[in-house]
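What follows is a short report on a single structure.
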Amino acid sequence: MTGQISDSFLYEGEVYSLVGYDKGEPFTPLDYDILPKAPHTACWRGFVLYYKLDNKTLLLQDMQLNADEAKEINGVKPKKTEESIKFHYQDLNLKLDYTGKLLIARDFIKEMYVHMGFQRASSYRKVVELKFKNGELVETNDLSEKMKKRRKEDSDEDAIPKSMGEGDLMEWIKRTFSRKYKKEEE
């Protein structure tokens with residue numbers, strides 16, 4: 001398996017990776033009846049998203065999409081590319097009516113890379129939780145110190161399966177491909 005390409009989030013002038021959410025993804029092409037297909041092993045979902053805040057409003061800015069067909073979203077037609085991901089939507093500026101928490105992170109610690117799924121929040125030096133209500137940012141929490149403490153306590157937590165038994169291995173694979181985060185990360 002392969003580490004997955006993460007979605008990006010522009011926050012306070014810095015590019016972060018979206019590493020977690022508590023209520024589901026804020027956007028998926030399936031919301032528009034578009035069926036993505038994996039272009040390669042680093043993008044099993046078939047799409048990569050780029051979010052940003054406009055004042056305190058959550059927007060989907062860009063999307064790279066691999067699908068047989070793509071359609072207009074928010075008045076924007078996708079551009080066909082020659083790359084492995086076939087379509088690129090630019091400047092979507094799609095307001096998202098998301099209620100929940102997103103975990104964003106930057107300054108990845110290379111020594112903590114796991115060659116499976118999405119990277120863990122604790123693998124980043126800067127981690128911020130953003131809380132949204134109906135697409136509006138209502139609260140932020142800096143979790144960087146909590147992640148630093150977690151790294152000191154157990155830097156291998158979720159980096160490897162508990163055992164190589166089929167049940168533990170399959171559960172670990174499932175967790176690495178999920179970005180749903182646990183309450184203790186809050």
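The values are calculated or read from the model by the stated rules, or taken from the named source; none is laboratory data. Source: prediction; values computed, not measured.
Give me the residue from the range 129-161 that is of a type in the set (Asp, Glu) and closer than 30 Å to Thr57 by Cα and, out of that set, modelled with the lowest pLDDT.
Ranking the candidates gives Glu145 first.
Name the residues in the range 2-29 that are modelled with pLDDT of 90 or more, closer than 14 Å to Gln64 by Cα and not aromatic (Phe, Trp, Tyr), would you?
Those that are modelled with pLDDT of 90 or more, closer than 14 Å to Gln64 by Cα and not aromatic (Phe, Trp, Tyr): Asp7, Ser8, Thr28, Pro29.
Which of the residues belonging to the range 21-77 are at positive phi and small (Gly, Ala, Ser)?
Listed by number, the residues that qualify are Gly24, Gly46, Gly75.
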